[in-house]
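Values quoted throughout were computed directly from the atomic coordinates according to the rules given, and no laboratory measurement underlies them. Since the model is a prediction, treat every value here as computed from it, not as a measurement. Reconstructed Cβ throughout: ideal geometry from the backbone, glycine too, with neighbour counts over all protein chains shown.
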Amino acid sequence: MLENKVAIVTGGSEGIGFGIASALASKGALVYLIARTQEKLEKAKEKIIQQGGKAYIKPADITDIEAMKKIVEGVYHENGRLDFFINNAGAWKGQSLDTPFADIWKLIEFDMKAPYELTHFLTSRFSGEKENNLRILTVASQAALKVMDSGLGYGPAKMGLVAGLFHLEEELQREGVENVRLYRLYPNTVATDKMMDAIRANQVQDPVKLESVVDAAIDLLLDKTPTRDVRIGYYPGRGIVRTYLPSEPKDFYHSENITEEVVNSSFTPKDLLK
Ligand SMILES: NC(=O)c1ccc[n+]([C@@H]2O[C@H](COP(=O)([O-])OP(=O)(O)OC[C@H]3O[C@@H](n4cnc5c(N)ncnc54)[C@H](OP(=O)(O)O)[C@@H]3O)[C@@H](O)[C@H]2O)c1
């Protein structure tokens, strides 16, 4: 279904990024995995190949924007196309009032500045390539939508990132650009491998299963969702719910335009421990 399509996934060696990369590869796309650690990238690539997919690896730090630009140019040059860019690498880090602001700033540079700059570069670079349709999916977080505990740094970064993306969205609209489209995913807590110890120790509230988050990402990229902004999470008593938020910049904060879909009513976090 996605044969001949080309995707770049940042943070593609594990967690949500690997989930999205392997789902795209299982549908036939050629995926380029980006992360800092070569070994983890090699393992991720092997898994995708064993599943019958096609993958290459490009070790890089997303905060090195010049290196990232070179990777994008290289992939476009090698394949003559770039269909999907998954802006996924990011990290949560708890902070307190004692945390030096330099550390908070570093997190903001990673969770906000880097993915914003990458998107800005991609929108400028590809808006003139009219025959190349590029879909950029950013993995934000529920933290972009509400103030959360211990989220100094992470929450403001994700909020700022989404604000920046809507700014770019407005620019694209103003300039009549149709071949570059932005999509945003806002997961609640996700049961990635890294989260499983905390889930087993009951330190994490209401995790959603990774597969449902990946399904939402793929549906977004294939325009199977009513809007290009989807929150996904587990809600006790309801199951796994997608919340479709308005993608029109001016409507984003208007709650009356929000719709919901229960995608799995039988799941409970206990299923993760089976
Ligand atoms: N897990 C959750 O509960 C959750 C909930 C909401 C939103 N999110 C968001 O979802 C995204 C993915 O989270 P995750 O939990 O799946 O992450 P994860 O399991 O920790 O994986 C992070 C990935 O990013 C790579 N990475 C880290 N720093 C990088 C850097 N500077 N440059 C390039 N790659 C880097 C990691 O590999 P290396 O370390 O080798 O570079 C790894 O491949 C993040 O944006 C996160 O904020 C996660």
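For the reader, a short list of remarks on this structure follows.
- Over 29 Å apart at the Cα level, from the set Lys43/Lys93; Lys5/Lys58; Lys45/Lys130; Lys47/Lys224; Lys43/Lys274; Lys47/Lys194, are Lys45/Lys130.
- Kyte-Doolittle mean at least 0.5 and Cα axial length at least 15 Å: DSSP H helices in the chain: 15-26, 210-221
- From helices alone, the chain scores -11500 deg cm²/dmol at 222 nm; the rule is -39500 (n - 2.57) for each run of n ≥ 4 DSSP H residues, then divide by the residue total.
- GNM top mover of Gly28, Gly11, Gly90 - the chain, alpha-carbon springs below 10 Å: Gly28
- The phi torsions of region 227-237, fed into the Karplus equation with coefficients 6.51, -1.76 and 1.60 and a -60° offset, translate into couplings of 9, 9, 10, 10, 9, 9, x, 9, 10, x, x Hz, rounded to whole numbers, with Gly and Pro shown as x.
- Ordered by the count of other Cβ atoms within 10 Å of each Cβ, fewest first, Glu256, Glu46 give Glu256, Glu46.
- Hydrodynamic radius of the chain by the Kirkwood approach over all distinct alpha-carbon pairs: 19.0 Å.
- Distance (nanometres) between label positions extended 7 Å along Cα→Cβ at Ile258 and His120: 2.9
- Aspartates and glutamates whose Cα lies under 16 Å from that of Lys250, excluding same-chain neighbours fewer than 8 positions away: Glu169, Glu170, Glu171, Asp229
- Each Lys or Arg adds one and each Asp or Glu takes one away; over the other residues whose Cβ falls under 15 Å from the Cβ of Ala44, this sums to +3.
- Computed on the chain, with alpha-carbon pairs under 8 angstrom and 6+ residues apart, the relative contact order is 14 percent.
- Across region 260-272, computed HN-Hα scalar couplings (Karplus, 6.51 cos²θ - 1.76 cosθ + 1.60, θ = phi - 60°) run 10, 9, 7, 9, 7, 8, 9, 5, 9, x, 4, 4, 6 Hz from first to last residue, x flagging Gly and Pro.
- Sorted by Cβ neighbour density within 10 Å, fewest at the top, the residues Tyr76, Tyr32: Tyr76, Tyr32
- Close amide H partners of Lys54, meaning residues 5 or more places away or on another chain with modelled amide H under 5 Å apart, are Val31.
- From most to least packed by mean Cβ count within 10 Å, the peptides 139-147, 201-209, 162-170 give 139-147, 162-170, 201-209.
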